[in-house]
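**Q** Here's a structure for you.
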Amino acid sequence: MRSLICFGLFFTLCGCAAPQPKMLTKNVSDSEAAQDNAACKMQSMMNSSADWEYRGTMFEGAAIQMKQNKIMELCLQSKGYK
């Protein structure tokens, strides 16, 4: 029974840890894209709190990660990436 719980937990956590989508735009050098990515990553990492309904629950970490991913995506879109 314990191994079944560990197996289910493993696949649940793997599903939550989806890789960041690579966003591309035209006429941007690799170094400029890396700088934009770093700036957006820093902005997304400034958010380290979950919404009130997830605070103190086992889903708090996943909620924070989802908010950070959304901030990262919106930041890159605001810089012209698709």
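**Q** For segment 31-63, how many residues are surrounded by 17 or more Cβ atoms within 10 Å (Cβ to Cβ) and out of contact with any helix residue (DSSP H, G or I) (no Cβ under 8 Å at 6 or more places or on another chain)?
**A** 1
**Q** Mind listing whichever residues of segment 70-82 are surrounded by 15 or more Cβ atoms within 10 Å (Cβ to Cβ) and not aliphatic (A, V, I, L, M)? Quick ask: steps written out before the conclusion?
**A** Going through segment 70-82, the residues surrounded by 15 or more Cβ atoms within 10 Å (Cβ to Cβ) turn out to be 71-73, 75-76, 79, 81.
Glu73, Cys75, Lys79, Tyr81 - these are the residues of segment 70-82 that are surrounded by 15 or more Cβ atoms within 10 Å (Cβ to Cβ) and not aliphatic (A, V, I, L, M).
**Q** Please report, ordered by residue number, the helices (runs of 4 or more DSSP H) entirely within segment 1-80 with at least 1 residues that are modelled with pLDDT of 70 or more.
**A** Numbers: elements: 2-16, 30-45, 60-78.
Per the criteria, 30-45, 60-78.
**Q** What are the pairs with Cβ atoms under 7 angstrom where one residue, in segment 33-44, is under 9 Å from Leu76 (Cα atoms) and the other, located anywhere, is among the aliphatic types (A, V, I, L, M) and buried (at least 17 other Cβ atoms within 10 Å of the Cβ)? Sequence gap at least six, or different chains.
**A** That search, which allows pairs on different chains as well, returns Asp36/Leu76; Cys40/Met72; Cys40/Leu76.
The values are calculated or read from the model by the stated rules, or taken from the named source; none is laboratory data. What you are looking at is a predicted structure, and each value in this text was computed from that prediction instead of being measured. Backbone-built Cβ (ideal geometry, glycine too); neighbour counts: all protein chains shown.
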